[in-house]
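All remarks here apply to the structure that follows.
The values are calculated or read from the model by the stated rules, or taken from the named source; none is laboratory data. Just so you know, these numbers come straight off a predicted model, no measurement behind them. As a convention, Cβ positions derive from the backbone with ideal geometry for all residues, glycine included, and neighbour counts pool all protein chains shown. Heavy atoms of the whole protein, side chains included, go into the accessibility calculation; ligands, DNA and RNA do not. Shrake-Rupley method; radii C 1.70, N 1.55, O 1.52, S 1.80 Å.
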Amino acid sequence: SDLKQRAKALCTNLMYAIIHIAAATAAASAGMSAQIPMADNVVLSGIEIAMVIAIGEVLGQEITRSAAWSLVLSQLATLGGRAASQVLIGWIPIAGNITNAITASTIVEAIGWYIADYLTFNNCSEEN
């Protein structure tokens, strides 16, 4: 039981690291490209896909690029606020960079934890 708790703690710590690093990378990317609308979409998508695949690896689930892309897209459809904030504020120097960075980081963090919860639930359901 102690070994099982340690393994679970390690898994959780790895997911925290993966998600936070992805969110920080997204913030840096979005913050640097704020004045060019939607310029960071390809980079952010790549960050999100890599994050989903890494979370799957931690949980012992092999996730293909297409499956990761599908999971990311299912969440992005509900997060149109990023586009709105980028159009409204993104073009303003400094304020736009900060807003864009915070918005991208928050969305990547939310997607990461949603995917981690989703995969953990499905992983646990299969074991029971």
(message) If each DSSP helix of 4+ residues adds -39,500 (n - 2.57) and the sum is divided by the residues in the chain, what number results at 222 nm, nearest 500 deg cm²/dmol?
(response) -27500 deg cm²/dmol
(request) For segment 21-73 and segment 86-109, write down the distance between their C-alpha centroids in whole Å. (result) 16
(message) Give me the dipole magnitude in Debye, nearest 20, for the chain about the Cα centre, with unit charges on the beta carbon: positive for Lys and Arg, negative for Asp and Glu.
(response) 200
(message) Rg and Dmax in Å for the chain, alpha carbons only: what are they?
(response) 16.0, 54
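In square angstrom, what is the accessible area per residue of the chain with a 1.4 angstrom probe? Please report the intermediate quantities before stating the final value.
Details: 7430 Å² over 128 residues.
Averaged over the residues of the chain, the accessible area is 58 Å².
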(request) Compute the distance in nm between two label points, each set 7 Å from the Cα along the Cα-to-Cβ direction, one at Thr12 and one at Phe121. (result) 1.9
(request) Could you sort 110-117, 93-100 so that the peptide with the highest average Cβ count within 10 Å comes first and the rest follow in order? (result) 110-117, 93-100
